Amino acid sequence: MKVNTAEFIISNSDVSKCPLDRLPEYAFIGRSNVGKSSLINMLTNHKNLAKTSARPGKTQLINHFKINNNWFLVDLPGYGYARVSKKTKEVFQKFITDYFEKREQLVCAFILIDIRHEAQKIDLEFINYLGEIEVPFCIIFTKADKISRVKIDQSIASYRKSLLANNWEEMPPHFVTSSLEATGRDAVLEYIDSVNQE
Ligand code: GTP
Ligand code: MG
């Protein structure tokens with residue numbers, strides 16, 4: 001799929017104020033600094049459509065980007081940022097869970113995982129939470145430019161093991177990406193296109 005147009009529509013912390021269009025949307029979620037905003041820029045071929053930073057905690061709101069006038073990409077704040085209060089860390093921010101529980105237009109969540117790290121408790125908790133509320137999801141491994149091909153395969157195999165140990169029967173659809181090198185761009189866009197056609 002070609003991305004012809006990508007426009008920022010609105011930021012907010014209230015799911016009821018998200019765009020009213022009945023267009024399908026795809027949300028990016030994961031730990032702070034995992035590369036959610038960078039991935040949105042890579043997929044849309046824009047340098048600064050979504051704001052990125054080397055410091056975790058950059059994205060603070062729900063951000064809607066309309067693609068090809070036909071569907072939305074949604075950039076969300078990260079979770080698990082060490083400098084937020086313990087309480088905020090323990091429970092995912094209310095407006096984020098509201099988004100996942102109430103947003104009818106959401107067709108698929110992409111959970112971003114840094115390919116360099118072992119499965120983290122907070123990610124597995126979030127995956128289990130999405131399972132409970134029956135939101136379909138995929139896994140996107142990020143920052144693949146930082147390790148070798150062999151290590152990438154090892155990381156994915158190890159992630160599969162962790163999910164199986166968490167009572168998941170199989171790996172969900174998953175993608176290996178690098179926003180630096182545009183790795184995985186076509187695969188993710190084709191996946192979205194195929195879901196949009198359903
Ligand atoms: P929050 O909004 O704070 O939750 O972070 P985020 O998940 O949106 O991460 P962001 O896209 O802002 O990127 C965080 C840092 O990781 C930035 O310094 C990016 O340049 C870097 N980064 C993101 N993706 C990649 C990648 O694929 N490869 C490399 N090498 N660095 C990346
Ligand atoms: Mg961000």
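All of the numbers you see were taken from the coordinates with simple rules; none came from a lab. All of these numbers come straight from a predicted model, not from anything done at the bench. Note: ideal-geometry Cβ built from the backbone for every residue, glycine included; neighbour counts use all protein chains shown.
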Find the relative contact order for segment 1-156 and round it to a whole percent, using C-alpha pairs within less than 8 Å whose residues are 6+ positions apart. 27
Dipole magnitude of the chain about its Cα centre, charges +1 at Lys/Arg Cβ and -1 at Asp/Glu Cβ only, in debye to the nearest 20? 1000
By the mean-Cβ-within-10 Å protection proxy, highest first, 32-41, 148-157 rank as 32-41, 148-157
Enumerate the calculated ³J(HN,Hα) couplings along segment 101-109 in order (Karplus 6.51 cos²θ - 1.76 cosθ + 1.60, θ = phi - 60°), each rounded to whole Hz, writing x wherever the residue is Gly or Pro. 7, 10, 7, 5, 6, 5, 9, 7, 9
Based on alpha-carbon positions alone, could you give the equivalent ellipsoid semi-axes of segment 57-168 from the gyration tensor, as √(5λ), descending, whole Å? 24, 18, 16
Among Ile113, Pro19, Tyr191, flag the residue with its Cα farthest along the positive direction of the charge dipole of segment 6-197, charges on Cβ as +1 for Lys/Arg and -1 for Asp/Glu. Ile113
If contacts are Cα pairs under 8 angstrom and at least 6 residues apart, what is the relative contact order of segment 95-198 in percent? 27
Can you pull the three principal axis extents for the Cα set of the chain, in Å, largest first? 40, 38, 35
Would you please give the FRET efficiency between Ser194 and Asn48, computed as 1/(1 + (r/R0)^6) with r the Cβ-Cβ distance and R0 = 41 Å, to the nearest 0.05? 0.90
Which residues' amide hydrogens lie under 5 Å from the amide hydrogen of Thr183, considering only partners 5 or more residues apart or on another chain, with H built in the peptide plane? Ser178
